[in-house]
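What follows is a short report on a single structure.
The values are calculated or read from the model by the stated rules, or taken from the named source; none is laboratory data. A quick note: this is a predicted structure, and the numbers were derived from the prediction, not measured. Every residue, glycine as well, gets a Cβ built from its backbone with ideal geometry; the counts of neighbours run over all protein chains shown.
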Amino acid sequence: MKDSDQFHAVCLDTHPPIFYLNDKSRNVIALVHELNRISIAQSGSYVAAYTFDAGPNPVIYSLERNMKEIVNMIATYFPLSSPFKDNFTVFRPGDLVGEMPLTPGFNSEVTTKFEVGALKDLIHTKIGEGPQVLGSAHTLLDETGMTKAGL
């Protein structure tokens, strides 16, 4: 996270400044830091780490046991416009993603809640078996570059 933060600080310090992060990016950073603050106080360890791809899209890394808490937290502050695609059965039937209580001690004022659909998508994936060449039938995007329906 420090490397990511340092990279974005250098971008801001250039002339003209380069703005990769946006308000949503900065709010995800605040949420991860708040979740880690509680975890460090309780157990001495981090729950999640973030980095960014070549743009404002956060990538959050965590252990499987923390995914329910993290996805619920993100969906609480960035309500989803469609149901969360729970491909790994993180949630039980009847769980309302984004409406469950946050971690005890979580400072709900750390950031504001965004409008429904402010985040285009929330993708949960796992580490796989390594690089593989797949055909076009296995792509996540359609011909227009949008996420395929039903994913």
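The single condition among (1) of a type outside the set (S, T, N, Q); (2) closer than 23 Å to Asn36 by Cβ; (3) in a loop (DSSP other than H, G, I, E, B) that Tyr50 does not satisfy is (3). Taken over region 116-151, the criterion of being out of contact with any Ser or Thr (no Cβ under 9 Å at 6 or more places or on another chain) and outside any loop (DSSP other than H, G, I, E, B) is satisfied by Ser136, Ala137, His138, Thr147. Selection within region 114-127: residues that are surrounded by 10 or more Cβ atoms within 10 Å (Cβ to Cβ) and out of contact with any strand residue (DSSP E or B) (no Cβ under 9 Å at 6 or more places or on another chain). The member of this set that is nearest to Asn87 (Cα to Cα) is His124. Selection of region 55-79 for residues being assigned to a loop (DSSP other than H, G, I, E, B), surrounded by 13 or more Cβ atoms within 10 Å (Cβ to Cβ) and modelled with pLDDT under 95 yields Pro56, Asn57. Taking region 50-85 as the range and being under 21 Å from Glu99 (Cβ atoms) and touching a strand residue (DSSP E or B) at 6+ places or on another chain (Cβ under 6 Å) as the test, the residues that pass are Ile60, Ser62, Ile70. In region 128-145 there is no residue matching the filter, namely being surrounded by 13 or more Cβ atoms within 10 Å (Cβ to Cβ) and either over 17 Å from the mean Cα position of the chain (by Cα) or modelled with pLDDT of 85 or more (or both). Any idea which residue in region 26-37 is nearest to Asp95 (Cα to Cα), counting only those that are surrounded by fewer than 18 Cβ atoms within 10 Å (Cβ to Cβ) and either modelled with pLDDT under 95 or of a type in the set (A, V, I, L, M) (or both)? Only one residue tops the list, namely Ala30.
A count restricted to region 114-146 and to residues that are without any contact (Cβ under 8 Å) to a residue 60 or more places away in the chain, among the basic types (Lys, Arg) and over 21 Å from Ser25 (Cβ atoms) stands at 0.
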